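What follows is a short report on a single structure.
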Amino acid sequence: MTNRVLLIYTGGTIGMDWNPQTGALEPLDFHHLIAQMPEFDAIPVAVDVHQFPQPIDSSDMNPQLWAHIVTIIEDHYDHVDGFVILHGTDTMAFTASALSFMLQNLTKPVILTGSQLPINQLRTDGRENLITSIEIAAAHHPDGTPRVPEVCIYFSGKLLRGNRATKINSEGFNAFDSFNCPHLADAGVNIVYHDALILKPDFSRPMRPHFAMDAGVVVFTLFPGIQEETLRHIMDSPKLRGIVMRTYGSGNAPQLPWLIKALEDAHQRGVTIINITQCAAGPVQMARYSGGFLLKNVGVISGYDSTVECAIAKLMHLLAHSDDPEFIRRQMNRSLCGEITVPA
Ligand code: ASP
């Protein structure tokens, strides 16, 4: 039986072309993309296509469009073996993270990909990324279960857990990596799957879609010289419910009494504050230095080894589903779908 994959085309460089007037790249529709790819007809997988009515540069991605993607996946879930989402690289890691929480108990592959060069360019990376993603989305074990039943990013030979991935290069083809999680597969002459690392959901349970995300969140980065007035403006914002604070090293902050007080006040008001390191690799360990210990004392929650993209998406998802800061704290301290490494 031929495997069937739904290709969801949202936009991104892969399907863009230069506007002759401005010289800037603009998203075009899917037929333009497919016309550049005669090899598409030779793929041994049945590919259905759903395109966004208005393809976008992924800088314009937002929670409403994430919910739209979830609806498309829900509508087609029982009729296809897997999904490939063509998406711009700029916010791909945010979308992959968000979908990993919005598609609870996912039992089918959802592979996001795109490219650094438009598909009509001679040296494009788009063809390989697209063809290999379709192959991965259709891959099965001998018992018929999908090989990769999780949200992933495939890019430049690497299959990465979506909520662990981050964009690392604005120019090179090697645009993504997941520093705190090994690759789930490597594609060279063969696609080598690292099966032991891939999530194993309960295939007997239905996928549960979630559509709500609470955007009352903010990310701020600590830096030497940070000013109280600026931070207070952010923290006193009435609709603010969650903060991702990018700290130094293993989760440290300057020992400034006003900063600790501002964090404590926010925590008392029920704002959830997550500590994420500015380092590309390694976890937060708040008890290691007194600069981190102080944060823990005023209610700041460890983000473990989460990416910023994932922390913000998880927070938006949890805040949309609960008003109970204690529940949110417990969930932030658990790995819901492989997004953090929680020490035993
Ligand atoms: N600005 C583009 C986008 O994210 C970049 C890309 O696709 O690589 O849509």
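The values are calculated or read from the model by the stated rules, or taken from the named source; none is laboratory data. Every value quoted in this text rests on a predicted model; they were computed, and no experiment measured them. A quick note on method: Cβ atoms are made from the backbone with ideal geometry, for glycine too, and the neighbour counts reach across all protein chains shown.
Here is how the numbers come out for the structure above:
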| quantity | calculated |
| --- | --- |
| Candidates S100, S133, filtered to the one that is more than 16 Å from the ligand (Cβ to nearest atom) and part of a helix (DSSP H, G or I) | S100 |
| Of residues in segment 74-93 being crowded, with 24+ Cβ neighbours inside 10 Å and in a helix (DSSP H, G or I), the one nearest to the ligand (Cβ to nearest atom) | M92 |
| Failed item, numbered, when N105 is tested on (1) more than 15 Å from the ligand (Cβ to nearest atom); (2) touching a helix residue (DSSP H, G or I) at 6+ places or on another chain (Cβ under 9 Å) | (2) |
| Failed criterion for L315 (all others in (1) aliphatic (A, V, I, L, M); (2) farther than 15 Å from M245 by Cβ; (3) part of a helix (DSSP H, G or I) hold) | (2) |
| Test: A67 is at pLDDT 95 or above, more than 16 Å from M207 (Cα to Cα), away from the ligand (no atom under 16 Å from the Cβ) and surrounded by fewer than 23 Cβ atoms within 10 Å (Cβ to Cβ) | no |
| Boolean, V308 is hydrophobic (A, V, I, L, M, F, W, C) and surrounded by 23 or more Cβ atoms within 10 Å (Cβ to Cβ) | no |
| Among the candidates L33, L117, residue that is touching a residue at least 24 places away in the same chain (Cβ under 8 Å) and either in a helix (DSSP H, G or I) or buried (at least 22 other Cβ atoms within 10 Å of the Cβ) (or both) | L33 |
| Residue in segment 11-30 that is of a type outside the set (S, T, N, Q), crowded, with 16+ Cβ neighbours inside 10 Å, over 24 Å from D81 (Cβ atoms) and away from the ligand (no atom under 13 Å from the Cβ) present | no |
| Unmet requirement for G162, which otherwise passes all of (1) in contact with a Gly (Cβ under 7 Å, 6 or more places away or on another chain); (2) surrounded by 20 or more Cβ atoms within 10 Å (Cβ to Cβ) | (1) |
| Residue within segment 269-282 that is part of a loop (DSSP other than H, G, I, E, B), on the phi < 0 side of the Ramachandran plot and free of Cβ contacts under 8 Å to residues at least 12 places away in the same chain present | yes |
| Sole exception among (1) within 30 Å of N19 (Cβ to Cβ); (2) away from the ligand (no atom under 16 Å from the Cβ); (3) in contact with a helix residue (DSSP H, G or I) (Cβ under 7 Å, 6 or more places away or on another chain); (4) of a type in the set (S, T, Y) for S58, by number | (2) |
| Any pair with Cβ under 6 angstrom, 6 or more apart, that starts in segment 171-196 at a residue that is in a strand (DSSP E or B) and ends at one that is surrounded by 16 or more Cβ atoms within 10 Å (Cβ to Cβ) and polar (S, T, N, Q) | A187/T132 |
| Which listed residue, of I153, I191, I111, is farther than 27 Å from P63 by Cβ and either of a type in the set (A, V, I, L, M, F, W, C) or surrounded by 23 or more Cβ atoms within 10 Å (Cβ to Cβ) (or both) | I191 |
